[in-house]
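The values are calculated or read from the model by the stated rules, or taken from the named source; none is laboratory data. Because the structure is a prediction, the values reported are computed rather than measured. Cβ placement follows ideal geometry from the backbone for every residue including glycine, while neighbour counts extend to all protein chains displayed. Remember, those area values only see protein heavy atoms, side chains included, never the ligands or the DNA or RNA. Shrake-Rupley method; radii C 1.70, N 1.55, O 1.52, S 1.80 Å.
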Amino acid sequence: MKPIRPLLVAAAVAAAAPAAHAQQTASDTAPRNWHLLDARADNVPGVSAERAYRELLQNRQVRDTIIVAIIDSGVEVDHPDLAPVMWTNRREVAGNGVDDDRNGYVDDVHGWNFLGGPNGQNISVETLEVTRLYGRLRARFANVNADTLRGQARTDYELWQRVRTDLEARRRSQTELLNEYRQYVTILTQAERVLRQEMRADSLTLPAVRAFRPTTPQGREAQEAYVSFVGQGYPLPRLQEAVTELGEAVQFSLNPDFNPRGIVGDDPANGAQRNYGSNDYEGPGADHGTHVAGIVGARRGNGVGIDGVAGAVRIMSVRAVPNGDERDKDVANAIRYAVDNGARVINMSFGKSYSPEKSLVDEAVRYAESKNVLLVHAAGNENEDTSEHPSYPTPVYTQGGQRASNWIEVGASSWKGGRNLAAEFSNYDQALVDVFAPGVDVLSTVTDGGYERNNGTSMASPVVAGVAATLLSYFPELTAAQVRQIIMESATRYPGLNVLQPGSEDKMVPFAQLSSTGGVVNLYAAVQMAERMVRR
């Protein structure tokens, strides 16, 4: 990779540097499009996208429309803000039941679903990888005398011990959490019943309940409970949704005897198998993927909903992520599908703690690298150091130990800035995490034509994918490695800024130590740097 001279890096960073060191935002609410705003002009540590379009790109001609693949839970392809930007496979005739382009996938008009079956069914809930590992190893080691094991068998047995301990701990934790949330639902349901009676109201709102003056002890208790839950962003539907998800985790995702893979009809153990799945690009639960897709490329300037980061983009939906852990085989095939069908950027907002077939994913990443395709991956939401607790897939190849040149690992930053610039949930590492990007209270598209704010490195990753797509649409001659270089070297640094270490209530650390760049992605500075690189 040809380095950019330090003087140019300093100039680009200085041009976009905030007036203060990630100054703490005074507002209690994130601006609607905060992730697109500018730290200097708007006093919010976004990625300076609106400023870039206004000052640098307004009179510049788009030279290419970039396909961005969203490997995720599915995408609502007819969402009003996404339908105009969905990728369409022009070589395929929709609905004729024929593989017109002979790529091995029938009627893949807007993408593919590696979790779908030939009869229209879909995997919704899956086991975790730790659960699958436990199930495979249990048959070998459940009743074995460890003293008799040697070599690889001993190594596998020690893995079995770790996996068993991990699974048991997760089951205990999730069961306890499920019971807690069931209690919360009971408390809030009772509180709402009392408040509706005493307020003589059919529906409740937070301002109305706060303004209410209860005259009974029951009313005061109900008001306190309602304000406590709803005021912190936990209305009854959200609590009920959490109970459903936790119940699924205990009953299915952490159950080694549960196996939904028969729905797909493939051989899960055959890593070379490619052509399976269905053309149901949305699947049964596409909120996450739809939110990610909107951040990348929701139609800009149409007066509807939100604006994505990238303007000249087409969204390809590749469904490989269930409610549970994705399988390495599916991730590898999803990457290959995206590459073979023209994607120049692939967003991967998912992760897991184990990757028993990492070699399959590594091979697919090398394939993408050979085809000049950029991979953008969310660092994870466990507020952990990823060198100690990896969130797979990871950019370091198992064989050889080199790092993929076409991979950007993304942590999440917050609109609050200052000591709260790093999102409290974000994973971090000074070597393995490359940059941070907005991932708190990000407004984007969800299913049924809706919009919601979500938190996670899952939101930060598509911000970076959108920045990459924007650069490629104006400077298509750039390679994936050059785009990565530009994004990293143009990121806004915050020298001297100490922030709360993610997951800690009081430990302060330099923001510069949480990623290799110590910066937040900046489209304005990236465009300036790309211009200089292309001229050279």
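Of Ser317, Ser349, Ser391, all but one fail to be open to solvent by less than 20 Å² (accessible area, probe 1.4 Å), of a type in the set (S, T, N, Q), more than 24 Å from Val440 (Cβ to Cβ) and under 17 Å from the mean Cα position of the chain (by Cα); the exception is Ser317. Filtering the stretch 320-346 to residues that are open to solvent by 10 Å² or more (accessible area, probe 1.4 Å), more than 20 Å from Gly104 (Cα to Cα) and of a type in the set (A, V, I, L, M) leaves only Val321. Only residues that are open to solvent by less than 20 Å² (accessible area, probe 1.4 Å) and under 30 Å from the mean Cα position of the chain (by Cα) were counted across the stretch 138-169, and they come to 3. Hey, any hits in the stretch 394-405 for a residue that's crowded, with 24+ Cβ neighbours inside 10 Å and at pLDDT 95 or above? Checked the stretch 394-405: no residue is crowded, with 24+ Cβ neighbours inside 10 Å and at pLDDT 95 or above.
A quick yes/no check of all residues on (1) in contact with a strand residue (DSSP E or B) (Cβ under 9 Å, 6 or more places away or on another chain); (2) in a helix (DSSP H, G or I); (3) open to solvent by less than 40 Å² (accessible area, probe 1.4 Å):
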site	(1), (2), (3)
Leu178	no, yes, yes
Arg182	no, yes, no
Thr186	no, yes, no
Asp202	no, no, no
Arg220	no, yes, no
Pro237	no, yes, no
Gln251	yes, yes, no
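Any residue in the stretch 314-325 that is assigned to a loop (DSSP other than H, G, I, E, B), under 17 Å from Asn455 (Cα atoms) and out of contact with any Leu (no Cβ under 6 Å at 6 or more places or on another chain)? No: zero hits.
Those helices (runs of 4 or more DSSP H) of the stretch 1-115 in which 3 or more residues are at pLDDT below 95 and either open to solvent by 10 Å² or more (accessible area, probe 1.4 Å) or touching a helix residue (DSSP H, G or I) at 6+ places or on another chain (Cβ under 9 Å) (or both) occupy 6-16, 39-42. The residue of the stretch 253-271 that is most open to solvent (accessible area, probe 1.4 Å), among those that are touching a residue at least 40 places away in the same chain (Cβ under 8 Å), hydrophobic (A, V, I, L, M, F, W, C) and assigned to a loop (DSSP other than H, G, I, E, B), is Phe258. Being part of a loop (DSSP other than H, G, I, E, B), closer than 18 Å to Val345 by Cα and among the aliphatic types (A, V, I, L, M) holds for only one residue in Leu478, Leu375, and it is Leu478.
Tell me, which residue of the stretch 272-301 that is more than 16 Å from Gly111 (Cβ to Cβ) and more than 25 Å from the chain's Cα centre (by Cα) is most open to solvent (accessible area, probe 1.4 Å)? Of everything passing the filter in the stretch 272-301, Ala272 is most open to solvent (accessible area, probe 1.4 Å). Within the stretch 438-475, restricting attention to residues that are part of a loop (DSSP other than H, G, I, E, B) and among the hydrophobic types (A, V, I, L, M, F, W, C), the residue that is nearest to Val77 (Cα to Cα) is Val440.
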